[in-house]
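The values are calculated or read from the model by the stated rules, or taken from the named source; none is laboratory data. Here the structure is a predicted model, which is why all the values come from computation and not from measurement. No Cβ is skipped: glycine too gets one built from the backbone with ideal geometry, and neighbour counts run over all protein chains shown.
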Amino acid sequence: MYIPDYDKALYYTLWGQWDDLLVLMVRTNDDLLSKRIEVFLHAFHYHAKEQEVMNSHEELLRYIDHAMGQTPAAAMMEV
């Protein structure tokens, strides 16, 4: 399971640690998480419209929340 990746993604996203989020994007095995991070970082660095950045940020947080909710409790204990 990828729960540590989701925890890291949530932490990095909430605290604005974009370099660490970029490293996580490259290293994670979850293709959807990687793509959501990529879309957000691209919007953050290249889009002039604040609404586009906010939308991609919300989509990333929504995906992390969904993925963590779909992970069985037993898998969350494994590290």
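Tabulated values for the structure
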read-out	value
Helices (runs of 4 or more DSSP H) (entirely within region 1-46) containing at least 2 residues that are β-branched (Val, Ile, Thr), out of contact with any Gly (no Cβ under 8 Å at 6 or more places or on another chain) and touching a residue at least 40 places away in the same chain (Cβ under 8 Å)	3-15
Breaking point among (1) closer than 18 Å to Arg62 by Cβ; (2) in contact with a helix residue (DSSP H, G or I) (Cβ under 9 Å, 6 or more places away or on another chain), for Asp31	(2)
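Yes or no, residue by residue, for (1) modelled with pLDDT of 95 or more; (2) among the aliphatic types (A, V, I, L, M); (3) surrounded by 11 or more Cβ atoms within 10 Å (Cβ to Cβ); (4) over 14 Å from the mean Cα position of the chain (by Cα):
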| site | (1), (2), (3), (4) |
| --- | --- |
| Tyr2 | no, no, yes, no |
| Tyr11 | yes, no, yes, no |
| Asp20 | yes, no, yes, no |
| Ser34 | yes, no, yes, no |
| Leu41 | yes, yes, yes, no |
| Gln51 | no, no, no, yes |
| Glu59 | yes, no, yes, no |
| Ala67 | no, yes, yes, no |
| Ala74 | no, yes, no, yes |
